[in-house]
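To start, the structure under review is shown below, and the notes come after it.
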Amino acid sequence: MLRDGRLERAGRMKRSNKMERKKSVTANGDADNMPCANSLFAASIIVVGDEILQGDVEDNLGPFLNKKLHSFGWAVTRRVIIPNDIDAISEEVEQRAEVNDLVFVVGGVGSLHSDVSLAGVAKAFGVRLAPDEEFEEFLRQQVGELCSGDQNEMAKLPEGITELWHHKDLAVPVIKCRNVFVLSGTTVDELDLQWKCLVELSKGTDIIEGKQQFTSVRLQTTISELELAGPFSRIDKDFPDISIGCYRRSRQVKMRTQNSDRKSTLVLTFVGKDVDRLRMAVASLSSVFPEGTFLEID
């Protein structure tokens, strides 16, 4: 799976990931005062596709991968759609790889002129895109002599930083460049298969699995956002390890309470890794309002 220099690169990545993890935690608050700081791992998702930005297709891959990462206890700090442009990809990868534990690049992988994700990753790390003997041999076995030397753009990978993660169920291996995974799936089903294989291949390495999972509480209420603003701000400061959010359901969705007519509803979300802290945050908000103001929902 790995070429010569594996131990040297692994050592560099181990030290690098510790620094990146520290940055990703402290960027969201004081790590020393955050009960979940030691279990907070950050990832970014970069979706490459002119067709998405042009409105021709919807991005289903980014949200899918977002949910998968969150279910494994990863905090997704950024999800972005960018064009099939080497400089745009390079800039985004460089920025995200510096402050995140892992970065996932989806799309822009193949033999077409617009498939420039790997070139962008190479530029982000200051290396050249060069023919890779292992990958070239793999492709030759798949597509025959159409794959040969410098003429085969698909066989070019970021030089000196690439690992090929082979799995028997994958037609093409997952490509890993330092802390960046480049995924070639173009549909949710393809990406789901790549994700399952990636999880299986990473077992024993603690790259994907082994993170403390998130838990959440959702409350429904009919009070206004203005009434919530003050208490929400205070709780956000008191519980920096809890992600507290609010969104309005469709105005057609109503909630009947004992003391009111039918009103528009708000859904409040509390997400964290410490169940006790989560319940303390919910109790802190509930104590400010009359009993029955909030209804816990699934």
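The values are calculated or read from the model by the stated rules, or taken from the named source; none is laboratory data. Remember, predicted model here, so these are calculated numbers, not experimental data. Here the Cβ positions follow ideal geometry from the backbone for every residue, glycine too, while neighbour counts run over all protein chains shown.
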> On the given criteria, is VAL109 touching a residue at least 40 places away in the same chain (Cβ under 8 Å) and outside any helix (DSSP H, G or I)?
Replying inline: yes
> Counting only residues that are loosely packed, with under 14 Cβ neighbours inside 10 Å, of a type in the set (Asp, Glu) and not in a helix (DSSP H, G or I), how many does segment 234-247 have?
Replying inline: 0
>> Here are the criteria: (1) within 21 Å of CYS197 (Cα to Cα); (2) of a type outside the set (Val, Ile, Thr); (3) at pLDDT 95 or above. Tell me which single one GLN141 does not satisfy.
In response: (3)
> If we keep just the residues of segment 84-98 that are buried (at least 18 other Cβ atoms within 10 Å of the Cβ) and not basic (Lys, Arg), which is nearest to VAL127 (Cα to Cα)?
Replying inline: SER90
> Mind checking which residues of segment 161-215 are assigned to a helix (DSSP H, G or I), touching a strand residue (DSSP E or B) at 6+ places or on another chain (Cβ under 9 Å) and either over 20 Å from ASP59 (Cα atoms) or of a type in the set (Phe, Trp, Tyr) (or both)?
Replying inline: TRP195, CYS197, LEU198, LEU201
> Exactly one of (1) without any contact (Cβ under 8 Å) to a residue 24 or more places away in the chain; (2) surrounded by 14 or more Cβ atoms within 10 Å (Cβ to Cβ); (3) more than 30 Å from ALA130 (Cβ to Cβ) is unmet by PRO231. Its number?
Replying inline: (1)
>> Residues that are among the small types (Gly, Ala, Ser) and within 15 Å of VAL47 (Cα to Cα): does segment 111-118 have at least one?
In response: yes
>> Looking only at residues that are outside any loop (DSSP other than H, G, I, E, B) and not β-branched (Val, Ile, Thr) in segment 75-93, which one is nearest to ILE207 (Cα to Cα)?
In response: ALA75
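Looking at this structure, is ASP261 modelled with pLDDT under 90, on the phi > 0 side of the Ramachandran plot and either more than 26 Å from the chain's Cα centre (by Cα) or surrounded by fewer than 16 Cβ atoms within 10 Å (Cβ to Cβ) (or both)?
Taking the combined requirement at face value, the residue does not satisfy it.
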